[in-house]
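Below is one structure, written out as structure tokens; comments come after it.
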Amino acid sequence: MNRDNSYESILSRQNEIMLSSTGIDYSKFESEGIGFDYEKMMREPEDFSIEEIRKIQADRAVGNTPLLEMKNLTALARKYAEPGKGARIFVKDEACNASGSFKARRASMAVYLAKKLGYKGVACATSGNYGAAVAAQAAMAGLHCIVVQECYDSRMVGQPEILEKQRICEAYGAEVIQLTVGPELFSTYLQILEETGYFNASLYVPFAIAGIETLGYELVEQCREKTGKDPDVVVCTNAGGGNLTGTARGVKKAGSKAQIVGASVDLSGLHMASDHDFNRKSFTTGHTGFSIPFITWPDRSDVPRNAARFLRYADRYVIVKQGETFYITEALASLEGYERGPAGNTSLTAAFAMAQDMDEDQIIIVQETEYTGAGKHPTAQLTFAKKNGVEIKFGNPDDDKPGENIIFPSDPSFIKAREFDMNALRRSYIKNAVKNNQLQKATRADIIYLSEETKLSEDEVIQKLKEFDVEAE
């Protein structure tokens, strides 16, 4: 049978493709009105306990990564803090996982289920680290792996970091389908799932998020063992929201009330689907161009309902600058002896600044690192930026203009964690819910759902709905 593979037709078959490629029937979670049963969805396709997930991951060289105290970075932060200030900075070293990032936790669950359910292969759509994780886990399980990746602009020029990720996916035996930047990533991916019958190792399915819960659970356990207390703050680099969601759920399951903070690099002004802007950014993940669209409307992914829901779990959201993150990447290597890739260093940059406003006896944990390599190294990224006309200089990072310059801090006192207005994000989410559902009158169930999604009170939800001319029943 010849299928219609137009963009619109493929997306219209999304539910059918998801059922075939994951075993998850998303229609059974839908509620009347705009909402759905999130917690019911999170129990699909199997309701794994933390203990079960940890066992699965331990058998696949994943998890139980060390929690490291950054004593020298803490001392540097205290140098710029007021007396009595400067929290202890710890880092969960996820580079110790097979494939070198926390995404091995997601991939281990996807490949475990694919093997158990009898699929011959797995597929994923990713900029790279997750593709490497899925490819490594698939190699262990003897399954074929396809990675769909945006690699190039229209001139077939790719960023060093993306090409490094492409290389490592292929090194683990994956078939990498390389695309130029544009809107076709998810539709191409859905078509591949449909044609191959492979398992969908999506970043946004429930079992992928469940795989990250062990990370949050472990860091609380290890913090208690090392310090005799719980962490005060856990900082998560934020892109699509799964990292923060899974970690926060694990922290909660460990019985901790640590504040959960998302951190992203500021790439405001650059459009992520723009051929012109694609190679003018120096960060391929953990940046505002990816995170803010997903925060304000999570259900834009390759699945009908995204299990990553930032606003359900985040207490704060902070922004750091490109030059600051490159600076902390170098500081981590030269002061602590750990050379790690850029994603985790985004949250480490935020933690360095935030620690200065916390008491000395408090604890702030950066919940992930990632492996580094030739293409991920600051030298490669900065050289590429210069070739694309981006100016590199020292000064005040507040003056940077993404795509035009990268400003390293003149000294560490310039490094900041800039608060992003959470209420503005919540308002944007509600605006999108109204628009995308053509909502004119909100039921009681709609209001409860939006309250759960945004961590706003029901009265606050009603007030924001009024701003968009939506009447509450």
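The values are calculated or read from the model by the stated rules, or taken from the named source; none is laboratory data. Bear in mind that the values here come from a model prediction, so they are computed numbers and not experimental data. With ideal geometry, Cβ positions are generated from the backbone for all residues, glycine too; neighbour counts draw on all protein chains shown. What goes into the accessible areas is simple: the full protein's heavy atoms, side chains included, and nothing from ligands, DNA or RNA. Shrake-Rupley method; radii C 1.70, N 1.55, O 1.52, S 1.80 Å.
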Q) Restricting the search to region 130-155, which residues are in a loop (DSSP other than H, G, I, E, B) and open to solvent by 10 Å² or more (accessible area, probe 1.4 Å)? A) G142, L143, S154, R155
Q. Exactly one of (1) among the aromatic types (F, W, Y); (2) closer than 25 Å to Y429 by Cα; (3) open to solvent by 60 Å² or more (accessible area, probe 1.4 Å) is unmet by Y7. Its number?
A. (2)
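Return yes when A445 is of a type in the set (A, V, I, L, M) and either free of Cβ contacts under 8 Å to residues at least 60 places away in the same chain or surrounded by fewer than 15 Cβ atoms within 10 Å (Cβ to Cβ) (or both) and no when it is not.
yes
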(Q) I need every pair where a residue in region 127-143 that is closer than 23 Å to E368 by Cα has its Cβ under 6 Å from the Cβ of a residue that is at pLDDT below 95 and in a helix (DSSP H, G or I), sequence separation at least 6 or different chains. (A) G128/K165; G131/C169; A132/I168; A132/C169; A135/C169
Q: Could you please let me know if E221 is in a helix (DSSP H, G or I), charged (D, E, K, R), modelled with pLDDT of 95 or more and crowded, with 24+ Cβ neighbours inside 10 Å?
A: no
Q) Of all residues in region 116-131 being modelled with pLDDT of 95 or more and hydrophobic (A, V, I, L, M, F, W, C), which is farthest from R280 (Cα to Cα)? A) V122
**Q.** Pair list, Cβ < 9 Å and 6+ apart or interchain, from region 70-85 residues that are more than 16 Å from L332 (Cα to Cα) and open to solvent by less than 80 Å² (accessible area, probe 1.4 Å) to residues that are assigned to a helix (DSSP H, G or I) and of a type in the set (D, E, K, R)
**A.** K85/R78
Q: Answer yes or no: is there a residue in region 240-248 that is of a type in the set (V, I, T), out of contact with any Ser or Thr (no Cβ under 6 Å at 6 or more places or on another chain) and closer than 25 Å to P304 by Cα.
A: yes
Q: Within region 386-418, track down each residue that is within 21 Å of S291 (Cα to Cα), open to solvent by 20 Å² or more (accessible area, probe 1.4 Å) and touching a strand residue (DSSP E or B) at 6+ places or on another chain (Cβ under 6 Å).
A: A417, R418
Q) Regarding A333, is this residue over 21 Å from K387 (Cα atoms) and surrounded by 24 or more Cβ atoms within 10 Å (Cβ to Cβ)? A) no
Q) In region 257-297, which residue that is surrounded by fewer than 21 Cβ atoms within 10 Å (Cβ to Cβ) and among the hydroxyl-bearing types (S, T, Y) is farthest from C151 (Cα to Cα)? A) T296
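Residue by residue, here is whether (1) within 30 Å of E473 (Cβ to Cβ); (2) touching a strand residue (DSSP E or B) at 6+ places or on another chain (Cβ under 7 Å); (3) assigned to a helix (DSSP H, G or I) holds:
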{"site": "N15", "(1), (2), (3)": "yes, no, yes"}
{"site": "S21", "(1), (2), (3)": "no, yes, yes"}
{"site": "I24", "(1), (2), (3)": "no, no, no"}
{"site": "E44", "(1), (2), (3)": "no, no, no"}
{"site": "I53", "(1), (2), (3)": "no, no, yes"}
{"site": "L73", "(1), (2), (3)": "no, yes, yes"}
Q | helices (runs of 4 or more DSSP H) enclosed by region 256-360 - at least 3 residues per element that are in contact (Cβ under 8 Å) with a residue 12 or more places away in the chain and closer than 30 Å to D25 by Cβ | A | 288-296, 310-313
Q) Of the residues in region 108-122, how many are open to solvent by less than 10 Å² (accessible area, probe 1.4 Å) and either farther than 23 Å from A343 by Cα or out of contact with any strand residue (DSSP E or B) (no Cβ under 8 Å at 6 or more places or on another chain) (or both)? A) 7
